[in-house]
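First comes the structure, then the notes that go with it.
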Amino acid sequence: MQRCRSLLSLASVLVLTTSVALAAETISLTVDATKTPQKLLKSHEVIPVKPGPLTIYYPKWIPGEHGPNGPISSVTGLKFEGNGKVIPWVRDTLDVFTFHLDIPAGVTQLDASFDFIEPDGNSATDKLTVLEWNDVVLYPAGIKAEELSYEAKLVLPDGWKYGTPLPVNNASGKEINFKPISLDLLVDSPVIAGEFYRAVDITPPGEPIHHELDLVADSAEALNISSKNQQEMTNLVAESGKLFGTRHYRDYHFLLTLSDHVAHFGLEHHESNDSRLPERALIGPGAGMSLGGLLAHEFVHSWNGKFRRPADLAVPYYEQPMETDLLWGYEGLTDYLGPMLAARSGLWTADEYHEYLASIAAALGPGRPGRTWRPLLDTAIGEPGLGFGGRGWFTWKRGTDYYDEGDLLWLEVATIIHRESKGQKTIDDFCQTFHGGANNGPEVKTYTFDQLVATLNSIAPFDWATFFHTRLDSTAPEAPTGGIENGGWKVSFNGEPSKLSGRRGTPSDIYSVGLQLGPDGSVGDSIVGSPAFEAGISSGMKVIGVNGRVYTHDLLEDAIKAAKDSALPITLLVVNDDYINTATINYHGGARYPHLVRDEAKPDYLDDLIKAHAAGK
Ligand SMILES: [Zn+2]
């Protein structure tokens, strides 16, 4: 926190000393991606300048990533020139993303070039690439990203095709010239490209705005999305229109990369999302679950996160630190609405939705002792630096719980709106008010906690501020399952494995003995206070034996079942560093997996919320 504040004051001083020319002058950017198979991109910029001191930035705080994650260590071969002569640079002593130059007299254009080396297994393979422009761009200090104009050109390997929301001026051969655009929209408009590419129109009948699924994969076979999944993705678009009542984009591209050799995640943008799944995700079992789990979430972000954004997350340029305390709104509400829309559109069945809710409620209650020392709000505030980082001890440390717990929180909000309005209003009414307004294309409308509460009060008067503060500040050991219960369901444990088994890492015996194990027996987590933890097992160890036999997960499951009817403990052989120890686990509760069961004393409002709402399907 201290470091961030000193950077902020450094930046404001630099604004006064910048020698960049007028913001109205366009910066030209050429990205040569022809060496993608070698994991190298070449970036060249021509920046209008005037003589004197100049500060150049490489983007640091990346929108949607909520942290100072710009891949600066991948920038190499950096070179600045003016009138054909090299201009020396020096990196800022407090910030590795900042470079200082002194532009000589007579120089009006700065040539800036560097190579971007793809981080291992990140965004490029032999056959495809995902280009996020913040990776390959430099920008002058002192001007807001929305006021800097860029004219970008991309050169692709021979024969590659591409998909992007970025407006194209003209394209010929392997060169694409894009229309001039502000830096913030450039960074907001990625490109996917590859040898195996397919565009699928998923615009619902009668919908005036074009929606497209752009697929790029490591094989032609992987592009064969089923007609059922295409229809469900079209339903998703229709359901989003029904939920929000308006859109805030010119057209929308789901940019989906299918590869086992890129990092798997999703990143939201106003007019697209950059989502990555394993190569065979669309042609194997569970395609609808994968599409609904990832793409629906990223799509919702176009309204919630990109259009409506917490004011302290909306920064004018990428060197200014973000404040992340409202991520339970930005990510939490998205994490509730995404699965809800996945179920409404048929990508998920009602059963899958129930199992999903049970899995997160269980993981956040008995599976999360860290909640007794670290309130939910702190998981949001701590995101930069603490978010996804670190291995092991996850259930004691907590991580990005503002996602999943935000899901439960906003489900409860949905049920309270229904209750307090006596069935007259729904979460859809809230979304249409909060995320509504004219479609002016991609724009940002910021909000504060008080404005969020005021909008909820306009839908259903209630003490929303106390409601949120209570849940955000809580250190109670139980997960907030009020939404599930208000919706007419309960979380219950039995010996039947979850139908979603594997979603959160397999195999899991977390609710019985307290262990989350990798396929080879390595201990991903051991819940603090659980029978396994009390027997001496913790993260980083490896289970190699079960009751005298070499470890397999089946044998461990057998042992857990057998111990239920026996006074004998479960004995595990465990490697710790290079010592082998015996852990004696006194657990006799049998296998335990979470599920949702109906509470017949209450109406089933939970399923009302996930029924198809859009007509004509
Ligand atoms: Zn998200």
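For the reader, a short list of remarks on this structure follows.
- Taking each residue of the range 56-84 that is within 16 Å of the ligand (Cβ to nearest atom) and looking for partners that are open to solvent by 60 Å² or more (accessible area, probe 1.4 Å) with beta-carbon atoms closer than 6 Å, six or more apart or interchain, yields 62/69.
- Of everything in the range 183-207 that is outside any helix (DSSP H, G or I) and among the β-branched types (Val, Ile, Thr), the residue that is farthest from residue 124 (Cα to Cα) is 203.
- Qualifying residue in the range 502-515 (condition: within 27 Å of the chain's Cα centre (by Cα) and under 18 Å from residue 408 (Cα atoms)): yes
- Qualifying residue in the range 208-219 (condition: part of a helix (DSSP H, G or I) and either under 18 Å from residue 305 (Cα atoms) or aliphatic (A, V, I, L, M) (or both)): no
- Some residue of the range 380-389 being away from the ligand (no atom under 16 Å from the Cβ), surrounded by 24 or more Cβ atoms within 10 Å (Cβ to Cβ) and farther than 23 Å from residue 428 by Cβ: no
- A search for C-beta distances below 8 Å between a residue of the range 397-411 that is closer than 18 Å to residue 453 by Cα and hydrophobic (A, V, I, L, M, F, W, C) and any residue that is more than 14 Å from the ligand (Cβ to nearest atom) and not in a helix (DSSP H, G or I), counting only pairs 6+ apart in sequence or on different chains, returns 408/479; 408/480; 408/481; 409/480; 411/487.
- In the set 71, 63, 59, 51, only one residue is open to solvent by 50 Å² or more (accessible area, probe 1.4 Å) and not charged (D, E, K, R); that residue is 51.
- Positions within the range 166-182 being assigned to a loop (DSSP other than H, G, I, E, B), more than 22 Å from residue 439 (Cβ to Cβ) and either open to solvent by less than 20 Å² (accessible area, probe 1.4 Å) or of a type in the set (Gly, Ala, Ser) (or both), in sequence order: 173
- Residue match in the range 427-434 (condition: at negative phi, in contact with a Lys or Arg (Cβ under 8 Å, 6 or more places away or on another chain) and within 16 Å of the ligand (Cβ to nearest atom)): no
- Flag set for residue 212, criterion: in contact with an Asp or Glu (Cβ under 7 Å, 6 or more places away or on another chain), closer than 30 Å to residue 430 by Cα and surrounded by fewer than 22 Cβ atoms within 10 Å (Cβ to Cβ).
- Listed by first and then second residue, the pairs linking a residue in the range 253-269 that is within 20 Å of residue 199 (Cα to Cα) to a residue that is among the hydrophobic types (A, V, I, L, M, F, W, C) and within 11 Å of the ligand (Cβ to nearest atom), with Cβ atoms under 8 Å apart and 6 or more places separating them unless they lie on different chains, are 254/299; 266/294.
- Within the range 569-581, the set of residues being outside any strand (DSSP E or B) and surrounded by 13 or more Cβ atoms within 10 Å (Cβ to Cβ) comprises just one member, 569.
- Conditions (1) assigned to a strand (DSSP E or B); (2) open to solvent by 30 Å² or more (accessible area, probe 1.4 Å): number failed by residue 41: (2)
- Condition check for residue 316: surrounded by fewer than 24 Cβ atoms within 10 Å (Cβ to Cβ) and in contact with a Cys (Cβ under 9 Å, 6 or more places away or on another chain): no
- Looking across the range 593-617, the residues that are basic (Lys, Arg) and modelled with pLDDT of 95 or more come down to 598, 602, 611.
- Leading residue by the ranking (surrounded by the fewest Cβ atoms within 10 Å (Cβ to Cβ)) among those in the range 533-556 that are farther than 18 Å from residue 397 by Cα and of a type in the set (Gly, Ala, Ser): 548
- Helices (runs of 4 or more DSSP H) contained entirely in the range 445-532, each with at least 3 residues that are farther than 26 Å from residue 601 by Cβ and open to solvent by 30 Å² or more (accessible area, probe 1.4 Å): 449-459, 464-473
- Residues in the range 145-152 include at least one that is surrounded by 16 or more Cβ atoms within 10 Å (Cβ to Cβ), in a strand (DSSP E or B) and among the hydrophobic types (A, V, I, L, M, F, W, C).
- Restricting attention to the range 582-604 and to residues that are open to solvent by 50 Å² or more (accessible area, probe 1.4 Å) and in a loop (DSSP other than H, G, I, E, B), the residue that is nearest to residue 572 (Cα to Cα) turns out to be 586.
The values are calculated or read from the model by the stated rules, or taken from the named source; none is laboratory data. Only a predicted model underlies this, so the values are computations on that prediction, with no experimental measurement involved. Glycine also receives a Cβ, built like all others from the backbone with ideal geometry; neighbour counts cover every protein chain displayed. Quick note on the areas: whole protein, heavy atoms, side chains included, nothing else; ligands and nucleic acids left out. Shrake-Rupley method; radii C 1.70, N 1.55, O 1.52, S 1.80 Å.
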